[in-house]
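**Student:** Before we start, here is the structure in question, set down as structure tokens.
The values are calculated or read from the model by the stated rules, or taken from the named source; none is laboratory data. Note that the structure is predicted; figures quoted are calculated from it, not measured. FYI the Cβ positions are ideal-geometry reconstructions off the backbone, even for glycines, and counts take in every protein chain you see.
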There are 2 protein chains.
Amino acid sequence: MKRALSISREQNFAEWYQAVVSEADMAETSPVRGCMIVKPWGWGVWELIQGALDKRIKETGHENCYFPLFIPMSFIAQEASHVEGFAKEMAVVTHHRLKAVDGKLQVDPESRLEEPLVVRPTSETIIGDAFRRWVSSYRDLPILINQWANVVRWEMRTRMFLRTTEFLWQEGHTAHADEADALQETLKMLEVYREIAEDVLALPVVAGEKPENERFPGANNTFSIEAMMQDGKALQAGTSHYLGTNFAKAQGIRFQGASGDLEYCHTTSWGVSTRLIGGVIMTHGDDDGLRLPPAIAPKQIVIVPMLREKPEDADVLAFCEKLKSELDGLVALKAPLRAHVDKKPARAANKRWDWVRRGAPIILEIGPRDAANDVVTLIRRDRLRDGDRIVSTATLRAEFLAQAPALLAEIQRSLFEEAKARLEANIRTGYTSFDEISDYFGKAAEDDEASAFKGWVRAPWSRPTGAELEEVEARLKAFKLTLRNVPLGQAPVSASCIFTGRPAVEEILIARAY
Amino acid sequence: MKRALSISREQNFAEWYQAVVSEADMAETSPVRGCMIVKPWGWGVWELIQGALDKRIKETGHENCYFPLFIPMSFIAQEASHVEGFAKEMAVVTHHRLKAVDGKLQVDPESRLEEPLVVRPTSETIIGDAFRRWVSSYRDLPILINQWANVVRWEMRTRMFLRTTEFLWQEGHTAHADEADALQETLKMLEVYREIAEDVLALPVVAGEKPENERFPGANNTFSIEAMMQDGKALQAGTSHYLGTNFAKAQGIRFQGASGDLEYCHTTSWGVSTRLIGGVIMTHGDDDGLRLPPAIAPKQIVIVPMLREKPEDADVLAFCEKLKSELDGLVALKAPLRAHVDKKPARAANKRWDWVRRGAPIILEIGPRDAANDVVTLIRRDRLRDGDRIVSTATLRAEFLAQAPALLAEIQRSLFEEAKARLEANIRTGYTSFDEISDYFGKAAEDDEASAFKGWVRAPWSRPTGAELEEVEARLKAFKLTLRNVPLGQAPVSASCIFTGRPAVEEILIARAY
């Protein structure tokens, strides 16, 4: 069966992923190791994600601002001294000038900085430093801010969107008078992430708390949303951290309480990144390329005029332009509908396939007969094929216009439901020992990329800590498994821990992960 | 006369500027040399500028994308080899890891990069490298892209918004089949900048071409918009460059023309930055702080409830909230009106003055009597005082609602006209020799900051080049003057060049500048 990509998910999921990124015109590798070029179609998706999330961040009372790209090394040193497991792979700026020596450009040794600057891997330290200056009384609290920024982490193995040296994200940072308020904030933003993932990206997720070993270094609690990719692996799609008074103590972020006493602030931080786009691709893509949920499709309805360099071309183009302007006047998924006429000088069939690979939700092909009969020929990207056959249906233009917004909403819902069904059908429960689980995942661990779809396991555990938890981690690691999160809102558990045999206190998700 | 700032423009313009930046809550210095923290009010202004400009960039056919923050040093070396006057002050990443040695964090010498990476000062080289890969036929042209990004230039003397080590901007990059198309693009984007500056920021500007010595290194032509600050100095507020085939030749950006021949692309680049915000402050600010044009005011109408911890407070608050939601339902300057109720626990008079300093266009103070009588008491920030007295007027709520959009439009227009009148009244002409000009600017050059308002000079010149132009530059420099631009759309000139005495070919603007 011929598909629009040269490789299928089943053949090799990792290669299929790279093929979609490239064939859907989302991004490409750059000459800078581990950094990518986000192309207009990929960037358009990110702008729509940003727009939807930014609106929710503002509606929940946060204000955007912007902090420096660079962080003095002394700030990082202070963080390293109070935080264990702190990652040290980061880009370090040591000089501020280039110089031509014998016609060859090199770093000017005389421009060495007294204190090296680190390109921000995240901004807790520099924002905490500002909080210290901004907060003096309980009346100044809470402080609720967010920034959209690029950050850099020197990753050894990179994969476009999923793990890149530079990536784009938002990072929220807040300071509160007490634990209750800070924890409420942490969970509120987790819920915002769940909402954006499910309602906008059509990514069903499980929201829960990370176990101790998976916490952000320096956090009291880390919560995440986890999404299931089509290869059964988990993708951590967003995190929200309650940092207790840890950062506040290290940085002296204090306030005078109503009683007059000096108290430490309770802080939080939370972020999602361009990684979400990788999640969209691995959740909704198929062997013909990407399928974009209409809410984040830069162009929702693409009109392809079938031109033949004949006189009737003018009528076809006029029909297409009129249709576009009619569609642009409609509202779909609570925003103005985004239609586009592809007038590029290329064969109509090639253009159709380009849009199939890019995942435009609806493609309309308009030939002279369609224009003459006031008809549109429609392809739904989410239901492209019936067996091998491409499904296209002819509809009167007026009828299509009347139903277009509802059709986009249906595609959005249908992609979500397809993914939701996959998630729900593939969380296995009922295990009473780790052996059963490792039997299930079994040898596939040896060749991860090619391994069959396994899904996740949800199992009772006793929440071991310290060395006992390290042992659990090691046992899981042998099968390339990791603890994902403890889903929120669980019913009480009456079972034994699959690791320790002691009474379980909750259920935890176990999976292979990105 | 008491004003809301502790320093006036007349006392010391530079210090007054810093006071507005700080007292209007726009930005503050950061612990990183030359980098600033843009606070929520300042960032809100930038988001509105971005929104308006981004819309125009897209309407003119450009697509946004994103290129890496880092540029390999070899790319910079190549540019340096074909471009003279290329600035070499830039942040250089040389290592990718920190390491604790004897408990002290330091740069890990083993993590030295084989090739240093430069933090982008601008992206011509890395984007040109992509163009080389993207372009093969004339059918691929034009390529019209833009990115919103942070860039870093290691500046020795920095001033918030005007010149900072890191700043935020958009950079457009385009490739075309011929000179005519590329020049048209260059001028089209200059016109977009003029439009945004005048219609959105209320900054009247002069659009023109930079003389040879002020061109972007590597450009055939550089165009700019220049705005006049209240101290009479010029601020270059945006530039648009026609790069000819210079970058294309250095980078091998070629295409097969319709005839089958390989030809070099003609490229352009154009950008505006957070510097625009400095221009807004120095154009519209007064001795009570900032005055924001409504189109870029994050909150256009601020409602200050006058609360007294008495039972009628509830009525006042209810009145304010209702008023806000009524205002939010209106459209002003083609966008939903942005109203805000300031409920912070602080004295109403303090809140009023905070909003005066921040430059909210309209401030409404609502006390129990206003609420009871269905009246609003209104302060227009652009006409705050009559002599020493604060001008506030009482209006029926319904009347105010009916006129609010028109009032905001009037404030927008009035700020523009005030600045336009200043610009037009302060471009001096009629000079026949440089001596007359230097007499006029005279000794003030010795103490620039405290110098009296001088404005600009528009004088005929013969467009000298090379060594002759260098001499002109040196003569101007002695009076801290610079050549700004040759205004577009000039009538033919019949005069002698003030520098060379030869017949003039055009008039050029001369001014002190930021």
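**Student:** Would you pick out the residues in segment B:154-170 that are charged (D, E, K, R) and either more than 10 Å from chain A (Cβ to nearest Cβ) or outside any strand (DSSP E or B) (or both)?
**Tutor:** First, the residues of segment B:154-170 that are charged (D, E, K, R): B:155, B:157, B:159, B:163, B:166.
Hits for segment B:154-170 are B:Glu155, B:Arg157, B:Arg159, B:Arg163.
**Student:** Find the residue count for segment A:307-348, including only residues that are over 20 Å from B:Arg139 (Cα atoms) and either assigned to a helix (DSSP H, G or I) or among the aromatic types (Phe, Trp, Tyr) (or both).
**Tutor:** Count: 14.
Per-residue answers, yes or no, for (1) over 17 Å from A:Asp288 (Cβ atoms); (2) in the same structural domain as A:Arg308 (by TED's automatic domain parsing); (3) of a type in the set (Asp, Glu); (4) surrounded by 19 or more Cβ atoms within 10 Å (Cβ to Cβ):
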{"position": "A:Pro361", "(1), (2), (3), (4)": "no, yes, no, yes"}
{"position": "A:Asp370", "(1), (2), (3), (4)": "yes, yes, yes, yes"}
{"position": "A:Ile390", "(1), (2), (3), (4)": "no, yes, no, no"}
{"position": "A:Thr395", "(1), (2), (3), (4)": "yes, yes, no, no"}
{"position": "A:Leu401", "(1), (2), (3), (4)": "yes, yes, no, no"}
{"position": "A:Gln412", "(1), (2), (3), (4)": "yes, no, no, yes"}
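**Student:** While we're here: Going by the conditions given, is B:Val38 facing chain A (nearest Cβ under 9 Å), within 17 Å of B:Phe167 (Cβ to Cβ), buried (at least 17 other Cβ atoms within 10 Å of the Cβ) and touching a residue at least 12 places away in the same chain (Cβ under 8 Å)? Step through it out loud before you land on a result.
**Tutor:** Working: facing chain A (nearest Cβ under 9 Å): yes; within 17 Å of B:Phe167 (Cβ to Cβ): yes; buried (at least 17 other Cβ atoms within 10 Å of the Cβ): yes; touching a residue at least 12 places away in the same chain (Cβ under 8 Å): yes.
In short, yes.
**Student:** For segment A:63-70, state whether one or more residues are among the aromatic types (Phe, Trp, Tyr), closer than 29 Å to B:Ile71 by Cα, at pLDDT 95 or above and in a helix (DSSP H, G or I).
**Tutor:** Within segment A:63-70, not a single residue is among the aromatic types (Phe, Trp, Tyr), closer than 29 Å to B:Ile71 by Cα, at pLDDT 95 or above and in a helix (DSSP H, G or I).
**Student:** Looking at segment A:43-57, is at least one residue within 7 Å of chain B (Cβ to nearest Cβ) and basic (Lys, Arg)?
**Tutor:** no
**Student:** Turning to a different aspect of this structure: For segment A:158-175, give me each residue that is in contact with a strand residue (DSSP E or B) (Cβ under 7 Å, 6 or more places away or on another chain) and charged (D, E, K, R).
**Tutor:** Once the filter is applied, which keeps residues that are in contact with a strand residue (DSSP E or B) (Cβ under 7 Å, 6 or more places away or on another chain) and charged (D, E, K, R), segment A:158-175 yields A:Glu166, A:Glu171.
**Student:** Among the numbered criteria (1) part of a helix (DSSP H, G or I); (2) more than 19 Å from B:Leu201 (Cα to Cα), which single criterion is violated by B:Ser259?
**Tutor:** (1)
**Student:** Taking segment A:82-102 as the region of interest, how many residues are out of contact with any Ser or Thr (no Cβ under 6 Å at 6 or more places or on another chain) and either in a strand (DSSP E or B) or at the interface with chain B (Cβ under 8 Å from one of its Cβ atoms) (or both)?
**Tutor:** 10
**Student:** Moving on to the next point. Scan segment B:15-45 for residues that are of a type in the set (D, E, K, R) and modelled with pLDDT of 95 or more and jot them down.
**Tutor:** Going residue by residue through segment B:15-45, those that are of a type in the set (D, E, K, R) are B:15, B:23, B:25, B:28, B:33, B:39.
Once the filter is applied, which keeps residues that are of a type in the set (D, E, K, R) and modelled with pLDDT of 95 or more, segment B:15-45 yields B:Glu15, B:Glu23, B:Asp25, B:Glu28, B:Lys39.
**Student:** Being assigned to a strand (DSSP E or B), over 25 Å from B:Glu195 (Cα atoms) and not acidic (Asp, Glu) narrows it down to one residue among B:Thr395, B:Thr432; which is it?
**Tutor:** Exactly one of B:Thr395, B:Thr432 is assigned to a strand (DSSP E or B), over 25 Å from B:Glu195 (Cα atoms) and not acidic (Asp, Glu), namely B:Thr395.
**Student:** So which residues in segment A:176-191 are closer than 30 Å to A:Glu89 by Cα and either out of contact with any strand residue (DSSP E or B) (no Cβ under 6 Å at 6 or more places or on another chain) or within 14 Å of chain B (Cβ to nearest Cβ) (or both)?
**Tutor:** A:Leu187
**Student:** Take the residues in segment B:58-74 that are surrounded by fewer than 23 Cβ atoms within 10 Å (Cβ to Cβ) and of a type in the set (A, V, I, L, M, F, W, C); name whichever of them is farthest from the other protein chains (Cβ to nearest Cβ).
**Tutor:** Among residues in segment B:58-74 that are surrounded by fewer than 23 Cβ atoms within 10 Å (Cβ to Cβ) and of a type in the set (A, V, I, L, M, F, W, C), the one farthest from the other protein chains (Cβ to nearest Cβ) is B:Met73.
**Student:** Is it fair to say B:Ala207 is of a type in the set (A, V, I, L, M, F, W, C) and either touching an Asp or Glu at 6+ places or on another chain (Cβ under 8 Å) or at pLDDT below 95 (or both)?
**Tutor:** yes
**Student:** OK, next. Restricted to segment A:349-387, and to residues that are in a loop (DSSP other than H, G, I, E, B) and under 32 Å from the mean Cα position of the chain (by Cα), which residue is nearest to A:Val20 (Cα to Cα)?
**Tutor:** A:Gly359
**Student:** Applying the selection to segment B:9-51, what residues are within 16 Å of A:Asn146 (Cβ to Cβ) and part of a helix (DSSP H, G or I)?
**Tutor:** Result: B:Pro40, B:Trp41, B:Gly42, B:Trp43, B:Gly44, B:Trp46, B:Glu47, B:Gln50.
**Student:** Let me ask you something else. Do we find that B:Ile508 is in contact with a helix residue (DSSP H, G or I) (Cβ under 7 Å, 6 or more places away or on another chain) and not basic (Lys, Arg) in this structure? Spell out the reasoning first.
**Tutor:** Details: in contact with a helix residue (DSSP H, G or I) (Cβ under 7 Å, 6 or more places away or on another chain): no; not basic (Lys, Arg): yes.
When the stated conditions are applied, B:Ile508 does not pass them.
Per-residue answers, yes or no, for (1) at pLDDT below 95; (2) among the polar types (S, T, N, Q); (3) under 30 Å from A:Val472 (Cα atoms); (4) assigned by TED's automatic domain parsing to the domain that holds A:Ala250:
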site: A:Val135; (1), (2), (3), (4): no, no, no, yes
site: A:Val151; (1), (2), (3), (4): no, no, no, yes
site: A:Arg157; (1), (2), (3), (4): yes, no, yes, yes
site: A:Arg163; (1), (2), (3), (4): no, no, yes, yes
site: A:Glu166; (1), (2), (3), (4): no, no, no, yes
site: A:Ala177; (1), (2), (3), (4): no, no, no, yes
site: A:Glu191; (1), (2), (3), (4): no, no, yes, yes
site: A:Glu212; (1), (2), (3), (4): no, no, yes, yes
site: A:Gly218; (1), (2), (3), (4): yes, no, yes, yes
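**Student:** Further, regarding this structure: Just to be sure I understand, how many residues within segment B:123-153 are hydrophobic (A, V, I, L, M, F, W, C) and part of a helix (DSSP H, G or I)?
**Tutor:** Residues that pass the stated criteria total 5.
**Student:** Here is a check on your reading of the model: is A:Arg254 at pLDDT 95 or above and closer than 23 Å to A:His173 by Cα?
**Tutor:** Numbers: at pLDDT 95 or above: yes; closer than 23 Å to A:His173 by Cα: yes.
Considered against the rule, which asks whether it is at pLDDT 95 or above and closer than 23 Å to A:His173 by Cα, A:Arg254 comes out as yes.
**Student:** Go through segment B:210-231 and count every residue that is touching a residue at least 24 places away in the same chain (Cβ under 8 Å) and in contact with a Lys or Arg (Cβ under 9 Å, 6 or more places away or on another chain).
**Tutor:** Within segment B:210-231, residues that are touching a residue at least 24 places away in the same chain (Cβ under 8 Å) and in contact with a Lys or Arg (Cβ under 9 Å, 6 or more places away or on another chain) number 14.
**Student:** Let me ask you something else. Starting from segment A:257-278, keep only residues that are without any contact (Cβ under 8 Å) to a residue 24 or more places away in the chain, then list their pairs with residues that are outside any loop (DSSP other than H, G, I, E, B) and basic (Lys, Arg) whose Cβ atoms are within a distance under 8 Å, requiring at least 6 positions of separation or different chains.
**Tutor:** From segment A:257-278, the pairs are A:Leu262/A:Arg254; A:Tyr264/A:Lys249; A:Tyr264/A:Arg254.
**Student:** Count, please, the residues in segment A:461-507 that happen to be in a loop (DSSP other than H, G, I, E, B), basic (Lys, Arg) and free of Cβ contacts under 8 Å to residues at least 60 places away in the same chain.
**Tutor:** The qualifying residues number 2.
**Student:** If you don't mind, there's one more thing I want to ask. Anything in segment B:103-130 that is among the small types (Gly, Ala, Ser) and either in contact with a helix residue (DSSP H, G or I) (Cβ under 7 Å, 6 or more places away or on another chain) or more than 7 Å from every other protein chain (Cβ to nearest Cβ) (or both)? List them, or say none.
**Tutor:** If the condition is that a residue be among the small types (Gly, Ala, Ser) and either in contact with a helix residue (DSSP H, G or I) (Cβ under 7 Å, 6 or more places away or on another chain) or more than 7 Å from every other protein chain (Cβ to nearest Cβ) (or both), then B:Gly103, B:Ser111, B:Ser123, B:Gly128 are the ones that fit.
**Student:** Just name the residue that is surrounded by the most Cβ atoms within 10 Å (Cβ to Cβ) out of those in segment A:149-185 that are under 18 Å from the mean Cα position of the chain (by Cα) and closer than 13 Å to A:Ser269 by Cα.
**Tutor:** A:Gly172
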